[in-house]
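Computed from the coordinates by the stated procedures, all read-outs in this text should not be read as laboratory data. Keep in mind it's a predicted model, so treat the numbers as computed, not measured. Neighbour counts are summed over all protein chains in view; Cβ atoms, including those assigned to glycine, are modelled from backbone coordinates with ideal geometry.
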Amino acid sequence: MGGKTEALDKRTFVQRWLPHPMLTLLLIVLWILLLNAFSVGGLLMGAVLGIVIPRVTSTFWPERPPIRAYGKAFVYMGLVLWDVVVANLHVTRLILFRRTDQLHVRWVTLPIELRSPEAITVLAGTITMTPGTVSCDLSADGRSLLVHCLDAPDAEEAVRQMKERYEARLMEIFP
């Protein structure tokens, strides 16, 4: 019986000091990347930040975001990174080679089927991070996002692309 209690004590200890271990790891890696050089002092400072920040903010995280498929989440991150690069090139081309009166600037309403607050936040953040689009407002009922598009000749096509490219994948990742 002592073995089970000891295991629970260790788990409680780890959850107490590392409430969000992936966030801790991410903060350490980001700190080292920001330093642009590896050193033991930098690693220790990253570890301190990686432990302190999640502990201090843990009260704002009542429960961990539910994720169904971590593999699909990593694929999604790669897709978003790719889309950000491609959209940067597209927006650069628009700015340099098109007159402003040739742009099809418009607001579109993106109906969403996602219900998880985390999934909706990721969708809105993804749209905003992708150059040329900004998610501006979530409807009061949480069923649509208002999105500003820099160049969208066809509003329905813009909505279809956002739903297929991002929302459909997020529905597989979040419950």
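Miscellaneous remarks
- Order of Cys136, Cys149 - criterion: other Cβ atoms within 10 Å of each residue's Cβ, fewest first: Cys136, Cys149
- Check: the chain dipole with +1 on Lys, Arg Cβ and -1 on Asp, Glu Cβ, in debye: 500
- Percent of beta bridges antiparallel (DSSP, the chain, rounded to nearest 5): 100
- In this structure, the amide hydrogen of Cys136, modeled 1.01 Å from its nitrogen in the peptide plane, lies closer than 5 angstrom to those of Leu146, Val147, His148, counting only residues at least 5 positions away or on a different chain.
- The residues neighbouring Val147, those whose beta-carbon lies less than 15 Å from its own, together hold a net charge of -3 under the Lys/Arg +1, Asp/Glu -1 convention.
- Note: relative contact order over the chain, using C-alpha pairs below 8 Å and six or more positions apart, is 22 percent.
- Ranking of Val56, Val122, Val84 by neighbouring Cβ atoms within 10 Å, starting from the fewest: Val56, Val84, Val122.
- In Hz, Karplus ³J(HN,Hα) per residue of region 144-159 (6.51, -1.76, 1.60; θ = phi - 60°; x = Gly, Pro): 7, 10, 8, 10, 9, 10, 5, 8, 9, x, 10, 4, 5, 5, 4, 5
- Region 70-173: Cα Rg divided by the 2.2 N^0.38 Å rule of thumb: 1.08
- For Ala152, the residues 5 or more places off, or on other chains, whose built amide H falls under 5 Å of its own are His104, Val105, Arg106.
- The equivalent ellipsoid of region 32-129 has semi-axes of 34, 23, 13 Å, largest first, where each one is the square root of 5 times an eigenvalue of the Cα gyration tensor.
- Whole-Hz ³J(HN,Hα) from phi, Karplus 6.51 cos²θ - 1.76 cosθ + 1.60, for region 82-89, glycine and proline x: 4, 5, 5, 5, 4, 5, 4, 5
- Per-residue ellipticity at 222 nm, computed for the chain from helices alone with -39500 (n - 2.57) per DSSP H run of at least four residues, works out to -19500 deg cm²/dmol.
- Over the chain, all Cα pairs binned in 10 Å intervals from 0 give whole-percent P(r) values of 9, 26, 28, 22, 11, 3, 1, 0, listed from short to long.
- Karplus-derived 3J(HN,Hα) values for region 14-29, using 6.51 cos²θ - 1.76 cosθ + 1.60 with θ = phi - 60°, are 5, 5, 6, 8, 10, x, 9, x, 5, 5, 4, 4, 4, 5, 5, 4 Hz; glycine and proline are entered as x.
- Charge dipole of region 97-149 about the Cα centre (unit charges at C-beta), most positive-ward option of Gly125, Thr109, Phe97: Phe97
- Exposure proxy ranking, count of Cβ atoms within 10 Å, fewest first, for Val40, Val91, Val85: Val40, Val85, Val91
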